[in-house]
């Protein structure tokens with residue numbers, strides 16, 4: 001009498017194929033999620049920076065911008081406002097100085113340096129005098 005179903009060898013082959021497909025899909029999902037985290041971080045950073053500028057221009061409130069190395073987060077704090085932005089794990093903060101956006105909107109010029117391990121780029125945030133703005137420059141890292 002013949003039995004219907006899979007043999008042990010067929011079962012092992014099917015499980016191997018499913019595992020291989022799962023591994024390939026997981027690495028792609030992880031990469032996509034990391035890119036989304038980076039985009040979300042820079043978007044939130046930009047929104048908080050613009051909010052600090054608006055507080056300075058409209059309500060003459062200073063905003064302190066600190067980087068907490070232990071928690072890997074930026075903290076934007078003024079009189080009755082405090083917001084934290086977590087830095088993604090694959091974005092290394094290389095050189096950041098705590099700073100204050102004064103109530104006049106003035107901010108001391110500075111350059112903050114990040115290393116984006118996802119795209120292998122150095123990211124420079126250049127803080128400018130006029131209006132407390134900043135610009136981002138990206139440079140390719142050369143690894144040996």
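The values are calculated or read from the model by the stated rules, or taken from the named source; none is laboratory data. If you're wondering where the values come from, they're calculated on a predicted model, not measured in any experiment. So basically every Cβ, Gly included, is an ideal-geometry build from the backbone, and we count neighbours across all protein chains shown.
You will find that of 37, 47, the residue that is within 30 Å of residue 129 (Cα to Cα) and either under 13 Å from the mean Cα position of the chain (by Cα) or surrounded by 14 or more Cβ atoms within 10 Å (Cβ to Cβ) (or both) is 37 and no other. Which members of region 70-116 meet the condition of being within 14 Å of the chain's Cα centre (by Cα), over 19 Å from residue 126 (Cα atoms) and not in a strand (DSSP E or B)? Hits for region 70-116 are 71, 72, 88, 89, 90. In the set (1) loosely packed, with under 15 Cβ neighbours inside 10 Å; (2) modelled with pLDDT of 95 or more, residue 124 fails one condition alone, (1).
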